[in-house]
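Notes follow the structure.
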Amino acid sequence: MSLHLYDTSTRATREFVPVEAGRASIYLCGATVQAPPHIGHIRSGVNFDVLQRWMTRSGYDVMFCRNVTDIDDKIIRVAAQEGVPWFVIAERNQRAFTWAYDTLGCLPPTVEPRATGHVPEMITLMDRLIERGHAYAVGGDVYFSVQSWADEYGKLSNQKVENMRAAGDTDDESCKRDPRDFALWKGEKPGEPTWPTPFGPGRPGWHLECSAMATKYLGPTFDIHGGGIDLIFPHHENEIAQAQAAGDGFARYWMHNGMLKIGAEKMSKSLGNSLLIPEMVQKVRPVELRYYLAAPHYRSSIDYSEEALREAAAAYQRIEGFVTRAAEVIHDVDADAPLPQAFADALDDDLGTPQALAVVHEVVREGNVALSRGDKEAVARLLAETQNMLDVLGLDPRSPQWRSAGSDLKPAVDALVAVALEQRKAARARKDYAAADAIRDQLTAAGITVEDTPQGPRWELSR
């Protein structure tokens, strides 16, 4: 089957037909950098990284744009609380997000624009909207007129304009023609950063930033716009209104990932229930955390628990164990080996990672059986299938991303363990089983697990 994706705007799964054959353009609402990222933030990055990898594997030339919102009300508020300039907060937290994306194996986007670098494009977009009668300037602010777009506004979120509440995005709503109108540009306020515009100095509204950046890098009509389900309204609804009212086609598919919750509450800084990435990678390895975030379907919600995290880590270790043992027998893996059809079908069906991982685990079970019976031909085939599937998911334990951890010490540890295992072998040969067991116990205490196999003893670090 061909790639099909669930489109929020039509509330249906649709075949993916790109604007330009052979190319795929993706815009992802990235970080608003008022705080460091928790795993709820990075889930979106992992989900859309899998999409990018699968589209590339499927033959598309992918243009992936993930923005950074580096100025907004929250950033200004945090900066005021800390008594530092706004850009200190933005820079510090953008670095934290970049580190988190990199740590969890997300490929870098093709382009990662910052909002503050695109004020000229925002001014142009506002000019177009005012000229078409869909926006108006008043007192240094610029607002989008919802009533001017009333027939279209609300379709993404499946709402009617008459049932909507006030936008609530300014301190004084009296200057708006309609309380549901939303701010494109916010006029100058004491202590806040400003940029010059024909409407007066001020700073951009959140929604305006994304519409301007998306169309600059991906064109007036592009393929996919993504983000968390919490962004559907008002953010994405407003993006569509701005862009289409100005005359752009904008995104043809809208993809939204589910939330990560603790109990019944969405994970957020305001609730004090954030699980920050540096803390999480002390509990499990980064690759295991990636597995945990990638394994559920991207549109489903995740209810976080320590037990579920441990189960995900154990599931990944079973995969990793086969790859490690098989690689000791098969040294050259066919990177061009075809993927199992069931795996490809699962990802083509709205990026079905749960079904795709079920295929991975089935192949791993077959591989372990082939290893036990010494069938090298089958092991070679199944190892190639496993690694190629894991590469699509960003989970291949032999990739440089994951293999590099601790690799500088591995030759030295290999040599030391080899000495201990040779001593253990000699003790067993002279039937001094107490000494042999003592050596094994010492290795276990040092965090090294020894497994006796038909090919001889093998070791790995305990997890």
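The values are calculated or read from the model by the stated rules, or taken from the named source; none is laboratory data. Everything numeric here is computed off the predicted structure, so don't read it as measured data. Glycine gets a Cβ as well: all are built from the backbone with ideal geometry, and neighbour counts include every protein chain shown. Just the protein is used for accessible areas: all its heavy atoms, side chains included, with ligands, DNA and RNA removed. Shrake-Rupley method; radii C 1.70, N 1.55, O 1.52, S 1.80 Å.
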Among (1) 36, 23, 22; (2) 46, 25, 19; (3) 51, 25, 17, the entry that matches semi-axes √(5λ) of the Cα gyration tensor in Å as calculated here:
(3)
If I ignore ligands, DNA and RNA and count only protein heavy atoms, how much of Phe222 is accessible to a 1.4 Å probe, in Å² to the nearest 10?
0
Run through the stretch 11-61 and list the trypsin sites (Lys or Arg not before Pro) located in a DSSP loop whose Cβ has at most 15 other Cβ atoms within 10 Å.
Arg11
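May I ask you to rank Ser145, Ser305, Ser372 by accessible area, largest first, using a 1.4 Å probe over the protein chains only?
Ser372, Ser305, Ser145
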Mind putting a number on the dipole of the stretch 99-192 about its Cα centre? Charges go on the C-beta only, +1 for Lys and Arg and -1 for Asp and Glu, and I need it in Debye to the nearest 20.
220
Using a 1.4 Å probe and ignoring any ligands, DNA or RNA, find the accessible area of Trp99 and quote it in Å² to the nearest 10.
110
Heavy-atom accessible area of Glu362 with all protein chains present, probe 1.4 Å, nearest 10 Å²?
80
Of the peptides 26-38, 166-178, how do they stack up when ordered by the mean number of other Cβ atoms within 10 Å, highest first?
26-38, 166-178
Checking the stretch 318-381 for trypsin sites (Lys or Arg not before Pro) in a loop per DSSP with at most 13 other beta-carbon atoms within 10 Å yields Arg373
Charge dipole of the stretch 249-396 built from unit charges on the beta carbon (Lys, Arg +1; Asp, Glu -1), centred at mean Cα; most positive-end Cα among Val360, Ile262, Ala335 is Ile262
Using only DSSP helix segments of four residues or longer, with each worth -39500 (n - 2.57), what per-residue ellipticity at 222 nm results for the chain after dividing by its residue count and rounding to 500?
-14000 deg cm²/dmol
Please compute the modelled spin-label separation between Gln355 and Ser2, points set 7 Å along Cα→Cβ, answer in nm with one decimal.
1.8
For the modelled label position 7 Å from the Cα of Val111 along Cα-to-Cβ, which residues of the stretch 7-48 have backbone nitrogen atoms closer than 13 Å?
25-28
Carbon and sulfur together cover what percent of the accessible area of the chain at a 1.4 Å probe radius?
52
Listed highest first by mean packing, meaning other Cβ atoms within 10 Å per residue, what order do 209-220, 229-240, 423-434 come in?
209-220, 229-240, 423-434
Using a 7 Å offset from the Cα along the Cα-to-Cβ direction at both Glu377 and Val19, what is the distance between the two label points in nm, to one decimal?
5.0
Within the stretch 1-107, what percent of beta bridges assigned by DSSP are antiparallel, to the nearest 5?
35
Between Glu131 and Trp195, 0.36 nm times their residue separation minus their Cα-Cα distance comes to what?
20.9 nm
The chain - charge dipole about Cα centre, Lys and Arg +1 at Cβ, Asp and Glu -1, debye rounded to 20
940
Shape call for the stretch 90-159, from the Cα gyration tensor axes a ≥ b ≥ c (a/c under 1.5 means rounded, otherwise prolate when a/b beats b/c, else oblate), comes out prolate
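Of the listed pairs Lys189/Lys266; Lys74/Lys176; Lys176/Lys261; Lys186/Lys216, which have alpha-carbon separations greater than 29 Å here?
Lys189/Lys266; Lys176/Lys261, as the Cα separations exceed 29 Å there.
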Leaving out ligands and nucleic acids, note down the accessible area per residue over the stretch 120-265 with a 1.4 angstrom probe, in whole Å².
42
Kirkwood Rh over alpha-carbon pairs of the stretch 7-144, then Stokes-Einstein at 20 °C and 1.002 mPa s: what D in µm² s⁻¹, rounded to an integer?
123
Within the chain, which DSSP H helices have Cα atoms that stretch 15 Å or more along the helix axis and a mean Kyte-Doolittle hydropathy of at least 0.0?
119-131, 206-218, 353-372, 376-393, 410-429, 433-445
Which value in nm describes the separation of the simple spin-label points at Thr324 and Ala438, placed 7 Å from the Cα toward the beta carbon?
2.7
